[in-house]
Structure formats: structure tokens, C-alpha cells
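The values are calculated or read from the model by the stated rules, or taken from the named source; none is laboratory data. Treat the numbers as computed from the prediction; the structure is a model and nothing was measured. Heads up, the Cβs are rebuilt from the backbone with ideal geometry, glycines too, and the neighbour counts pull from every protein chain shown.
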Amino acid sequence: MSKRILLIQGNPDPATLHLCHGLEASYSEGAQSLGNSVRFCHVAGLDFPLLRSQDDFKAGSIPMGLQAAQDDILWCEHMVFFFPLWAGEMPALLKGFLEQVLRPSFTGSSRNPWAKKPLSGRSAHLVVTMAMPALVYRWFYCAHSLKSMRRNILGMVGIGPVRETLIGSAEGMQAQKAANWLRKLRRLGEKCG
């Protein structure tokens, strides 16, 4: 059975192709090879301001350039985020994007933790590249920012389960190792997981 998949490229550098872009392309090829529908959202190509007040977050209107992203989030059954780890976190542009598109006016977020979540029924996968070895990030730093994204951003609106693929030592990665990761991402796309 085919799925509707949204690929969210969170690398904020619009000028250069990075490993994250290759991983996204490989995942897409795998998913489409089995008849899944795939849409793309490249955060670096979107024009939007950062939120600067709680009032704007709660009651402000979404910038016109992000309406299509919200439509794609409603359309999809599974979303995959691709981003590099910067200063231990997702890049600020990706965080700003999530703050804009997941406003309470869109998600209908409730303060009641037991209320039905507005985006329930959607799963996600985080594909994260980093300079440090992935095991160091996972075990020494306890993958703190990914736990926060999984629980405090995606989980708050009902997106789950959220899986993750951590790709460490990405800076200066040898071509053979990069090719192995591209193959792995294609297989993940074929499984849509």
C-alpha cells in the first residue's frame, strides 16, 4: 500500500549541495520506486520571518509562503526531516520554520495532554548529519536535541512514532562511506521508515 510522504530538507544553505541533499534524493528514489507519492519542502528556499512574540505565535497569521508547507503536512502520512546538527541542535532556520507552521491556530493544540492530538496518524523520521561520531552524540550527549524535537515539537501535535538515523563524522566523509549511506537511505525510502 502506497504512502504520502513529505520530505523536509532542513539544511539552511541554499547555495551548495550537501550530504543532506544526497540523502534526501536517495530516500525519494527508494520511496517512489514502490509507488509512494512524495512531496518536497526545502526550508532554505522559503522566505519567512522568525517569530518574535508569544502573541504572534498564538494569534498571528502564517506568512503566505508557508501555506503550501502546512497543506503538505496535512496531506502527508509520513514526513522525513533531513538536517545537519549545528551547535548541538537543528539549524535555527528549521526551528523557525517549525514554529511558524505548527502554530496553535494550525494544530489546534490543547493544553490537555490527554486530548486528541491534531496531527495524529502521521509518523516521522529524522535523518541527522553531524561532525562528531554518532555514538558520542547518542550516548555522551544523550541526543538531547532529538529527544526534544521528538517529544516537545512533533509529539505535542501527535506526530509519532518518530524514528531517527544519525550519520556521524560527516565532515570530510570518504566517498565509499557516503555511497554506503546513500544506499541505506534508498532502502529506508523503500520501506518508508
**Asked** So how many residues does segment 32-46 have that are more than 18 Å from the chain's Cα centre (by Cα) and either loosely packed, with under 11 Cβ neighbours inside 10 Å or on the phi > 0 side of the Ramachandran plot (or both)?
**Response** 1
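Output the helices (runs of 4 or more DSSP H) that fall wholly within segment 89-193 and possess 3 or more residues being modelled with pLDDT under 95 and under 22 Å from Trp75 (Cβ atoms), or say none.
Values: elements: 92-101, 104-107, 144-148, 175-191.
Because the criterion is at least 3 residues that are modelled with pLDDT under 95 and under 22 Å from Trp75 (Cβ atoms), the helices (runs of 4 or more DSSP H) in segment 89-193 that meet it are 104-107.
Determine whether segment 131-143 contains at least one residue that is free of Cβ contacts under 8 Å to residues at least 60 places away in the same chain, crowded, with 21+ Cβ neighbours inside 10 Å and not β-branched (Val, Ile, Thr). Lay out the reasoning, then the answer.
Step one: of segment 131-143, the residues free of Cβ contacts under 8 Å to residues at least 60 places away in the same chain are 131-143.
Checking the rest, the ones that are also crowded, with 21+ Cβ neighbours inside 10 Å come to 137.
Of the ones still in play, those that are also not β-branched (Val, Ile, Thr) are 137.
Yes, because at least one residue in segment 131-143 is free of Cβ contacts under 8 Å to residues at least 60 places away in the same chain, crowded, with 21+ Cβ neighbours inside 10 Å and not β-branched (Val, Ile, Thr).
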**Complete:** All-but-one check, Leu50 against (1) more than 25 Å from Lys191 (Cα to Cα); (2) without any contact (Cβ under 8 Å) to a residue 40 or more places away in the chain, failing number (2)
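I'd like to know if segment 99-120 contains one or more residues that are loosely packed, with under 12 Cβ neighbours inside 10 Å and touching a residue at least 12 places away in the same chain (Cβ under 8 Å).
We begin by selecting, within segment 99-120, every residue loosely packed, with under 12 Cβ neighbours inside 10 Å; these are 111-116, 120.
Next cut, touching a residue at least 12 places away in the same chain (Cβ under 8 Å) only: 116, 120.
For segment 99-120, residues loosely packed, with under 12 Cβ neighbours inside 10 Å and touching a residue at least 12 places away in the same chain (Cβ under 8 Å): present.
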**Lone unmet requirement of (1) over 15 Å from the mean Cα position of the chain (by Cα); (2) polar (S, T, N, Q); (3) over 19 Å from Phe40 (Cβ atoms) for Gln67** = (3)
**Asked** From Val80, Val38, which residue is in contact with a Gly (Cβ under 9 Å, 6 or more places away or on another chain), farther than 25 Å from Ser148 by Cα and in a strand (DSSP E or B)?
**Response** Val38
**Item:** Filtered residues of segment 49-86 (kept if surrounded by 15 or more Cβ atoms within 10 Å (Cβ to Cβ), modelled with pLDDT of 95 or more and out of contact with any strand residue (DSSP E or B) (no Cβ under 8 Å at 6 or more places or on another chain))
**Value:** Leu66, Gln70
**Prompt:** Can we say Asn36 is touching a Lys or Arg at 6+ places or on another chain (Cβ under 6 Å), polar (S, T, N, Q) and under 19 Å from Ala124 (Cα atoms)?
**Reply:** yes
